[in-house]
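The values are calculated or read from the model by the stated rules, or taken from the named source; none is laboratory data. Predicted model only: the values in this text are computed from it and were never measured. All Cβ positions, even for glycine, are placed from backbone atoms using ideal geometry, and neighbour counts span all protein chains on display.
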Amino acid sequence: MVKPPKTEKLLEAITLATADDWARRKEEAYAASLASQWKTLTKAEAQVAVMVGKGLSNALIAETIGVTERT
């Protein structure tokens, strides 16, 4: 015979599951937003963004793509 769960434990489990689901959905929405924004970049902007993400200096990025640092 299965006993009914204790109300407190059931509510705690539901609260935790809801919080986990909310966090997952928030992360998925953020990732989708970033992907959408990434698609709006030109090829040159995406190239620079990748180099910035790698931690390259402005001077090195400018030299790599053949422009002045001020550009």
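List of remarks:
- Looking across the range 27-71 at every residue that is surrounded by 11 or more Cβ atoms within 10 Å (Cβ to Cβ) and assigned to a loop (DSSP other than H, G, I, E, B), the one that is nearest to the chain's Cα centre (by Cα) is identified as Leu41.
- One residue alone among Glu69, Glu12 is modelled with pLDDT under 95 and either among the charged types (D, E, K, R) or out of contact with any strand residue (DSSP E or B) (no Cβ under 8 Å at 6 or more places or on another chain) (or both), and that residue is Glu69.
- Residue in the range 16-26 that is out of contact with any helix residue (DSSP H, G or I) (no Cβ under 6 Å at 6 or more places or on another chain), modelled with pLDDT of 95 or more and not in a helix (DSSP H, G or I) present: no
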